[in-house]
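K.L.:
Once you've had a glance at the structure underneath, I'll fire off some questions.
Where a number appears in this text, it was derived from the coordinates with a stated rule and is not lab data. Quantities reported herein were computed from a predicted structural model and do not represent experimental measurements. Because the Cβ atoms are built from the backbone with ideal geometry, glycine has one as well, and the counts that use them run over all protein chains shown.
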Amino acid sequence: MNDLDGYRQLYRLSAQIPDWRSDLGKLHRLTEVLFIMVVALIAGAQDCEDIHGFGDENEHWLRQLLTLKHGIPHHDMYLRTLAAVPAEQFEALVRAWTAALREPDALKIDGHQVAFDGQSLRASVDRSLGSLPVHMVSAYLIEAGFTLGSKRVDEKSNEIMAIPDLMRSLNLRGATVTIDAMGCQREIAATAREVGAHYQLQVKENQPTLLQNIKTSMVEATRRRRPGEAPAKLERHKDVDKGHGRIETRACILSRDLSGIEKRDDWRDLSGIASVMRERTDAISGKTSQEIGYYIVSDPSATAADVARLARGHWGIENGLHWSLDVVWGSDAHAIRDRNAAENMARLRRFCAGMVKQSVGWGMSGKRVRKLAGWNPNNILRVLAGEVIAKKRTKVAPVKYRKAQEAAKAVAKKK
């Protein structure tokens, strides 16, 4: 895909949104308004006023791509667009962009991990009306770093009802779905298998009987076996990471013995239970902390190493998406009171964050890519084309040549 292909796809697909406005007094094409919002966000804009400012400062560049018969839209036009386009249409548009602007391999689902989690848009609170913040549930492809789809729910507790609907709207065949303890529900497990995905769900106090059954079963399985007693069928995995000023040890135990799980048939295709012990040691103070997580898994071919990897990978939706949206993309710093507008802006940010992450290469970060896009708008086209942006590596002289240089310098010093 060359640099202009991404722009053309974005512009063409934007025409799918029906224009709700009357032709009388209409100044700006809807496709142009949507295009400016996307490129401005990639270039570092945080809110609608920033989007307008980007348009004003880069009008000459934008006119090379757009007609802009009546100039740059005012920031109110962007807000009205976000508020007026129905959420379902905007979600369909973002999914179409995602499919068109990424390489086919980036969209591979089979064998990969899709994490589901919710996030509250704190800047959408209207205290004068006493409204709660908009809460969005997202499906995040961990390996590729982009959002497959999202759905708004009225309250955090309603994630349980929203996740099955979101699953059914996506192609998850062959993927492994991971969800935190709130999503450990029989219906969610059944829906994952219904759409052709496996599940790995964390179990906590919201499923007290299941949690106690797993704890008891793991204790029984790991105890010392009596003479003549058959050994427990367990698989173990352990890895150690050093970095960020700490040493982290993770030990996973996977058991296929489900005899101690009451009503195990209620959990569709349940094939194993697991525990993951995490021990963190501060490299400076030497203080150590431990925590144990318990999981149910459906994949009969999953290994203990797979379970540990998925348990750790699930945090990618927190660190790679939610933290990035809060800190890098400023989702909580800029208030949008209209709930539909806040929801659609969240979708735009998720799409743009995925595009930027796709372009992060050696020696780069998402924040740095956005800066480069802001400094040179042509870099925006590179991002839309899925081009990897990386620092230029300095050429290092061959070893023999460096040694010859060092020897020559040593001789010169002696003289």
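K.L.:
Return one number: the angle in degrees, 0 to 90 and rounded to the nearest 10, between the long axis of the Cα atoms of helix 304-313 and the longest principal axis of the Cα atoms of the chain.
P.N.:
40
K.L.:
Another question, if that's okay. In whole angstrom, note down how far apart the Cα centers of region 1-46 and region 70-89 are.
P.N.:
Measuring centre to centre over Cα atoms gives 10 Å.
K.L.:
Using a Förster distance of 51 Å, how high is the FRET efficiency between R337 and D265, based on the Cβ-Cβ distance and rounded to 0.05? Could you put the intermediate results ahead of the total?
P.N.:
Values: r = 48 Å, r/R0 = 0.94.
Efficiency, rounded to the nearest 0.05: 0.60.
K.L.:
Let me ask another. Structure shown: which of K367/K392; K287/K367; K215/K263; K242/K392; K69/K367; K108/K367 lie over 21 Å apart, alpha-carbon to alpha-carbon? Intermediate results must be reported in sequence, preceding the final value.
P.N.:
Numbers: K367/K392 17 Å; K287/K367 33 Å; K215/K263 16 Å; K242/K392 28 Å; K69/K367 33 Å; K108/K367 26 Å.
Distance filter (> 21 Å) returns K287/K367; K242/K392; K69/K367; K108/K367.
K.L.:
How compact is region 176-297 by the rule of thumb for globular proteins, expressed as Cα Rg over 2.2 N^0.38 Å? Spell out each step's value before the answer.
P.N.:
Values: Rg = 16.3 Å, N = 122, 2.2 N^0.38 = 13.7 Å.
So the Cα radius of gyration is 1.19 times the expected 2.2 N^0.38 Å.
K.L.:
Using only alpha carbons, build the gyration tensor for the chain and give me the equivalent ellipsoid semi-axes, biggest first, whole Å.
P.N.:
Values: eigenvalues 366, 227, 68 Å².
So the equivalent ellipsoid measures 43, 34, 18 Å along its semi-axes.
K.L.:
Something else about it: For A335, which sequence-distant residues (separation of 5 or more, or a different chain) have an amide H within less than 5 Å of its own amide H, given hydrogens modelled in the peptide plane?
P.N.:
none
K.L.:
Mind pulling the angle between the C-alpha long axis of helix 208-222 and the longest principal axis of the chain? Nearest 10 degrees, somewhere in 0 to 90.
P.N.:
Result, in degrees: 60.
K.L.:
If the label point is 7 Å along Cα→Cβ of E187, which residues in region 157-171 have backbone nitrogen under 14 Å from it?
P.N.:
Backbone N within reach: 157-168.
K.L.:
From the phi angles alone, apply the Karplus equation (6.51, -1.76, 1.60; θ = phi - 60°) to region 93-100 and give each ³J(HN,Hα) in whole Hz, x where the residue is Gly or Pro.
P.N.:
Each residue's phi maps through the Karplus curve to give 5, 4, 5, 5, 4, 4, 5, 7 Hz.
K.L.:
Semi-axes of region 18-95's equivalent ellipsoid from the Cα gyration tensor, sqrt of 5 times each eigenvalue, largest first, rounded to whole Å? Don't skip to the answer; put the middle values down first.
P.N.:
Values: eigenvalues 74, 51, 26 Å².
In descending order, the three semi-axes are 19, 16, 11 Å.
K.L.:
Right, something else. Could you run the Karplus curve 6.51 cos²θ - 1.76 cosθ + 1.60 with θ = phi - 60° over region 144-154 and give me ³J(HN,Hα) per residue in whole Hz, x for Gly and Pro?
P.N.:
3J(HN,Hα) across region 144-154, in whole Hz: 8, x, 9, 8, 6, x, 8, 8, 7, 10, 6.
K.L.:
Between R224 and L107, what FRET efficiency comes out of the Förster formula 1/(1 + (r/R0)^6) with R0 = 45 Å and r the beta carbon distance, rounded to 0.05?
P.N.:
Details: r = 49 Å, r/R0 = 1.08.
For R0 = 45 Å, the calculated efficiency reads 0.40.
K.L.:
Further question on the same structure: Would you compute, from DSSP H runs of 4+ residues alone, the mean residue ellipticity of the chain at 222 nm, taking -39500 (n - 2.57) per run and dividing by the full residue count, rounded to the nearest 500?
P.N.:
It comes out at -12000 deg cm²/dmol, rounded to the nearest 500.
K.L.:
How many percent of the alpha carbon pairs in region 113-321 exceed a separation of 28 Å? The partial results should precede the final answer.
P.N.:
Numbers: 7449 of 21736 pairs.
Of the Cα pairs, 34 percent sit more than 28 Å apart.
K.L.:
Whose amide H sits under 5 Å from the amide H of G272, counting only residues 5 or more places off or on another chain, with H placed in the peptide plane?
P.N.:
V297
K.L.:
Once you have the Cα-Cα distance between A15 and R63, take 0.36 nm times their residue separation minus that, and quote the gain in nm to one decimal. Provide the component values of the computation, followed by the final result.
P.N.:
Values: separation 48, 0.36 × 48 = 17.28 nm, distance 1.85 nm.
Extra length from A15 to R63 when fully extended: 15.4 nm.
K.L.:
Per residue of region 331-343, what does 6.51 cos²θ - 1.76 cosθ + 1.60 with θ = phi - 60° give for ³J(HN,Hα)? Whole Hz please, x for Gly and Pro, Karplus curve as stated.
P.N.:
5, 9, 8, 10, 6, 10, 6, 5, 5, 5, 5, 4, 5
K.L.:
Once the Cα atoms of helix 75-84 and of the chain are each reduced to a long axis, what angle between those two axes, in degrees from 0 to 90 to the nearest 10, is obtained?
P.N.:
50
K.L.:
Still on this structure: What residue among K204, K263, K215 has the largest mean-square fluctuation in a Gaussian network model of the chain, using Cα springs under 10 Å?
P.N.:
K263
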